[in-house]
Amino acid sequence: MSQLKPLIAGNWKMNGNKSLVSEFAQKFNSQAINEIDVLICPPSIYIDELAKQVEAHKSVLNVGAQNVSEQDSGAFTGEISVDMLKEVKASFAIVGHSERRAIFGESPQLVALKYKQALANGITPILCTGETEQEREDDKTFDVIATDINVVVELVGIEALKNGVIAYEPVWAIGTGKSATPEQAQAVHHFIRGHLAKYDAEVAQGVRILYGGSVNENNAAELFKQNDINGALVGGASLVSDKFMTICNNAQSSK
Ligand code: PGA
């Protein structure tokens, strides 16, 4: 892990409930967490509750969303706007998670618009990118990732990326129990930083690049030893407070 402050983000997906929200807010306090940023992205219906519990328990948790609309407001049934997220005190939003790209058909262009909308409204976007198993076999990993990043850079400009986060999430590693090895992950993180550096070296050095895909309490420490890994985006293991705490502790001690 480099000198950038690690970020450990939990993506609860369509899981969790109010009691889990309260358990996390109580557990993740300043005694437990002090040298890293920790974020929970619950289902949007629980964001407000999480923010309130964080305040009540003086928790250090940051509050985020799993998705955000690229539109300001209007007839977009089921969507959630940046203003709504801000009102309930969300400060991060995941954009372009592979499940949203695959299941809901989000294109790189749409994801870039969401990234722009979040950033323009003071919400830190976490841009997810990663290859499928087939793309890896076909040697297209770097092409897929470069495309996702280029579309965003073309829309918002490279300078804007320094205020965002990137998450490398190989699709074949998500929810499969088959994490990328630390070396595989580092190789892609190194590529991402190098790719950003072609636009702007300073921005490249300042961007946190998280690894996601079957991160758990057993493999996190080795991943965090890699130079270009600045934290993790955690799915399954972020639903169990002890496991998520171990991952956070691993990030703290890797500093
Ligand atoms: P996982 O999910 O940790 O359950 O593999 C990661 C993610 O989808 O962000």
The one condition in (1) within 16 Å of the ligand (Cβ to nearest atom); (2) within 25 Å of Asn15 (Cα to Cα) that Asn249 fails to fulfil: (1)
Pair list, Cβ < 6 Å and 6+ apart or interchain, from segment 42-69 residues that are without any contact (Cβ under 8 Å) to a residue 24 or more places away in the chain to residues that are buried (at least 22 other Cβ atoms within 10 Å of the Cβ): none
Among residues of segment 224-238, those that are open to solvent by 50 Å² or more (accessible area, probe 1.4 Å) and either modelled with pLDDT under 95 or among the hydrophobic types (A, V, I, L, M, F, W, C) (or both), counted: 0
Residue tally, condition surrounded by fewer than 16 Cβ atoms within 10 Å (Cβ to Cβ), away from the ligand (no atom under 16 Å from the Cβ) and within 21 Å of Leu223 (Cβ to Cβ), over segment 151-186: 1
Selected residue [over 30 Å from Lys89 (Cβ atoms) and of a type outside the set (Ser, Thr, Tyr)] from Lys114, Lys198: Lys198
Helices (runs of 4 or more DSSP H) contained in segment 33-122 and holding at least 1 residues open to solvent by less than 10 Å² (accessible area, probe 1.4 Å), touching a strand residue (DSSP E or B) at 6+ places or on another chain (Cβ under 6 Å) and within 24 Å of Gly236 (Cα to Cα): 47-56, 82-87, 108-120
Search result, residues across segment 123-140 that are assigned to a loop (DSSP other than H, G, I, E, B) and either modelled with pLDDT under 95 or farther than 28 Å from Val54 by Cβ (or both): Gly130, Glu131, Thr132, Asp138, Asp139, Lys140
Residues (open to solvent by less than 50 Å² (accessible area, probe 1.4 Å) and part of a loop (DSSP other than H, G, I, E, B)) located in segment 14-32: Gly16, Phe28, Ala32
Residue match in segment 194-201 (condition: part of a loop (DSSP other than H, G, I, E, B), in contact (Cβ under 8 Å) with a residue 40 or more places away in the chain, surrounded by 15 or more Cβ atoms within 10 Å (Cβ to Cβ) and more than 16 Å from the ligand (Cβ to nearest atom)): yes
Residue selected from segment 125-172 under the condition in contact with a strand residue (DSSP E or B) (Cβ under 8 Å, 6 or more places away or on another chain) and of a type in the set (Gly, Ala, Ser), by the criterion nearest to Tyr115 (Cα to Cα): Gly164
Count of segment 211-241 residues which are in a strand (DSSP E or B) and near the ligand (Cβ under 9 Å from one of its atoms): 4
Any hit, segment 167-187, residues being within 29 Å of Gly122 (Cβ to Cβ) and touching a Pro at 6+ places or on another chain (Cβ under 8 Å): no
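The values are calculated or read from the model by the stated rules, or taken from the named source; none is laboratory data. In this text the structure is predicted, and so the values were computed from the model without any measurement. FYI the Cβ positions are ideal-geometry reconstructions off the backbone, even for glycines, and counts take in every protein chain you see. The protein model used for the area step is the full one, side chains on, heavy atoms only, and it has no ligands, DNA or RNA in it. Shrake-Rupley method; radii C 1.70, N 1.55, O 1.52, S 1.80 Å.
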